[in-house]
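Comments concern the structure below.
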Amino acid sequence: MSPVTSMEETTSLGFNASHWVATDPLPRDREQSHRLHEPEHMINTIDPITGEDIDDVVSHPHIEDGNLTIYFESELTQKVYQNTPINHPVEKLSSAPGADDDRGG
């Protein structure tokens, strides 16, 4: 048996060594990306009023709000959506809502 090992059997880094320490991260990887999982533009093809999925979005009304496009089944559901108050209280509470209650908006 020869004490010399061939080049194919050796590795350039000894990952099995107990004293091996990884190198520092690259400068671009030192901070978490703020754009991770953040799409540039979102499109909602489910009508928020009826819950129906819209297959052909070309012929349906829509609203663009910043980087979000919302499609509706009809002009009626679009108007209902636009007329829905943002912070509406729950109608069937036994007492008046408190100042710290979440009102859904």
Since ILE63 meets every condition but one in (1) surrounded by fewer than 10 Cβ atoms within 10 Å (Cβ to Cβ); (2) at pLDDT 70 or above; (3) of a type in the set (A, V, I, L, M), which condition does it not meet? (1)
Only one of these conditions is not met by ILE49: (1) at pLDDT 65 or above; (2) among the hydrophobic types (A, V, I, L, M, F, W, C); (3) loosely packed, with under 10 Cβ neighbours inside 10 Å; (4) not in a helix (DSSP H, G or I). Which number is it? (3)
Within region 74-97, can one find any residue that is at negative phi, at pLDDT 90 or above, part of a strand (DSSP E or B) and in contact with a strand residue (DSSP E or B) (Cβ under 9 Å, 6 or more places away or on another chain)? no
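The values are calculated or read from the model by the stated rules, or taken from the named source; none is laboratory data. Every value quoted in this text rests on a predicted model; they were computed, and no experiment measured them. A quick note on method: Cβ atoms are made from the backbone with ideal geometry, for glycine too, and the neighbour counts reach across all protein chains shown.
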